[in-house]
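What follows is one structure encoded as structure tokens, with my remarks underneath.
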Amino acid sequence: MRDTLPSRARRVGAGLCRRLRTAALRLRYRAVRFGPGCDLRRGLHVHLGRGGGARFGARCVLDRGLSVESHGRLIVGDRVIFGHRCTLGVRDRVEIGDDTLIAEMVSIRDHDHAFADPGRPIREQGFAVSPVRIGRDVWIGGKATVLRGVSIGDGAVIGANAVVTRDVPAGAVAVGVPARVVGRRGAGAEPLGAASDAVPPREAVPA
């Protein structure tokens with residue numbers, strides 16, 4: 001089908017709006033390091049506490065409504081895609097490797113509320129904190145939750161709605177609450193529908 005002038009104009013207009021929005025968000029969040037070619041979409045919210053920092057590598061996609069609160073160090077590699085309305089909470093350190101796909105409404109936090117003392121309000125008991133590491137080329141399905149102290153190895157797949165409470169080895173497929181390893185990627189492996197098909201599409205990212 002031949003391209004039409006109105007459709008080309010719409011694409012050019014959309015690309016221009018995306019570039020302008022990205023430029024405006026870079027200015028708004030000057031303390032955050034965004035690599036070249038990052039696509040920053042509507043509703044991005046970043047709060048950096050005292051001593052907190054955040055760094056995103058080249059050509060990352062931050063879809064609508066991404067929320068970041070960092071009182072520690074958030075380090076995101078190149079070409080990482082976040083689906084809409086993901087939440088990243090950092091009090092120590094969260095690392096996410098290159099080419100990782102994080103679907104919609106995923107929550108990643110390196111801390112929990114402490115609650116051991118029933119005689120005090122939970123909000124007064126501070127936090128239990130342990131760093132989180134997510135490797136390269138990981139796929140985390142929609143609405144999954146990654147809890148503190150977890151390491152997810154390179155190439156792992158986390159099913160939709162899973163709650164990851166312990167380490168997941170490289171190349172493993174983990175599903176459920178709490179998440180458990182049910183298989184491995186590789187020749188002859190069958191795809192699991194539990195991993196969700198709702199990963200945001202790889203749209204062209206302006207250079």
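Residue count for the stretch 131-166 satisfying the condition of being open to solvent by 60 Å² or more (accessible area, probe 1.4 Å), within 20 Å of residue 82 (Cβ to Cβ) and touching a Lys or Arg at 6+ places or on another chain (Cβ under 9 Å): 5. Among the residues of the stretch 85-111, the ones that are farther than 16 Å from residue 137 by Cβ and among the small types (Gly, Ala, Ser) come to 2 in all.
Out of all the residues in the stretch 135-148, is one or more outside any loop (DSSP other than H, G, I, E, B), modelled with pLDDT of 95 or more, of a type in the set (A, V, I, L, M) and touching a strand residue (DSSP E or B) at 6+ places or on another chain (Cβ under 6 Å)? Yes, the stretch 135-148 contains at least one residue that is outside any loop (DSSP other than H, G, I, E, B), modelled with pLDDT of 95 or more, of a type in the set (A, V, I, L, M) and touching a strand residue (DSSP E or B) at 6+ places or on another chain (Cβ under 6 Å). Tell me, which residue of the stretch 27-64 that is out of contact with any strand residue (DSSP E or B) (no Cβ under 8 Å at 6 or more places or on another chain) and of a type in the set (Gly, Ala, Ser) is nearest to residue 103 (Cα to Cα)? Per the criteria, the residue is 43.
The values are calculated or read from the model by the stated rules, or taken from the named source; none is laboratory data. Fair warning: this is a prediction, and the values are worked out from it, not measured in the lab. Using ideal geometry, Cβ is built from the backbone for each residue, glycine included, and neighbour counts are taken over all protein chains shown. With ligands, DNA and RNA removed, areas are computed over all heavy atoms of the protein, side chains included. Shrake-Rupley method; radii C 1.70, N 1.55, O 1.52, S 1.80 Å.
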